[in-house]
Amino acid sequence: MSSKEGFSSAVTDWLFINSWWILLPFIMLLIVVAFIVAFVLLLYMISPLISPKPLKLNGAHVVVTGGSGGIGKCIAIECYRQGAFITLVARDEDKLLKAKKEVEQFAVNDKQVVLCVSVDISSDYTQDVLSLQAQEKLGPVDMLVNCAGTAVAGKFEEMEVERFKQ
């Protein structure tokens, strides 16, 4: 072994031993990437445990206020498609009966029922009557979807308390 080779070998050894810090950023990057991969794998593995479960409405009793049209009728149809028993609530009985016929077209079994109740739910008394009537006919209510609403014109500051409560 010549002195030149020995010197070269000594320099190489010295650089390898004393210059490890040059590789430090790459080592840190490798560690960060490993943690990210481990985190993603962990999320993938536990996602079935934390993901929301689909809502099962088969056999459930769903009360839909404002069910004679618009969003209420669409929600009633979708719940009926999934096997729910429906109580449609609205003020206009003619619209309510038309909505009932439309909802019944989407039945998935012969046991499904659509109950129509024509009331104005703005008072506590009618809410109690509605609740009792719906429970007597179709059993306990599993879900209430409130799509009924009114519009009040006027300034907030000038509105009477009773009108605001409606």
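The values are calculated or read from the model by the stated rules, or taken from the named source; none is laboratory data. Just so you know, these numbers come straight off a predicted model, no measurement behind them. A quick note on method: Cβ atoms are made from the backbone with ideal geometry, for glycine too, and the neighbour counts reach across all protein chains shown.
Overview of results
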read-out: Residues of the stretch 108-129 satisfying the condition of being closer than 19 Å to residue 75 by Cα and out of contact with any helix residue (DSSP H, G or I) (no Cβ under 7 Å at 6 or more places or on another chain); value: 109
read-out: Residue check, residue 36 at pLDDT 95 or above, over 30 Å from residue 162 (Cβ atoms) and surrounded by fewer than 13 Cβ atoms within 10 Å (Cβ to Cβ); value: yes
read-out: Unmet criterion (only one of (1) in contact with a strand residue (DSSP E or B) (Cβ under 8 Å, 6 or more places away or on another chain); (2) polar (S, T, N, Q); (3) modelled with pLDDT under 90) for residue 65; value: (3)
read-out: Qualifying position, being modelled with pLDDT of 80 or more and either under 25 Å from residue 110 (Cα atoms) or assigned to a loop (DSSP other than H, G, I, E, B) (or both), among 49, 30, 43, 55; value: 55
read-out: Flag for residue 79 being free of Cβ contacts under 8 Å to residues at least 12 places away in the same chain and either within 27 Å of the chain's Cα centre (by Cα) or closer than 17 Å to residue 149 by Cα (or both); value: no
read-out: Odd one out for residue 95, checked against (1) touching a strand residue (DSSP E or B) at 6+ places or on another chain (Cβ under 9 Å); (2) within 30 Å of residue 162 (Cβ to Cβ); (3) assigned to a helix (DSSP H, G or I); (4) in contact (Cβ under 8 Å) with a residue 24 or more places away in the chain; value: (1)
read-out: Subset tally (residues that are within 25 Å of residue 127 (Cα to Cα) and part of a helix (DSSP H, G or I)) for the stretch 58-92; value: 11
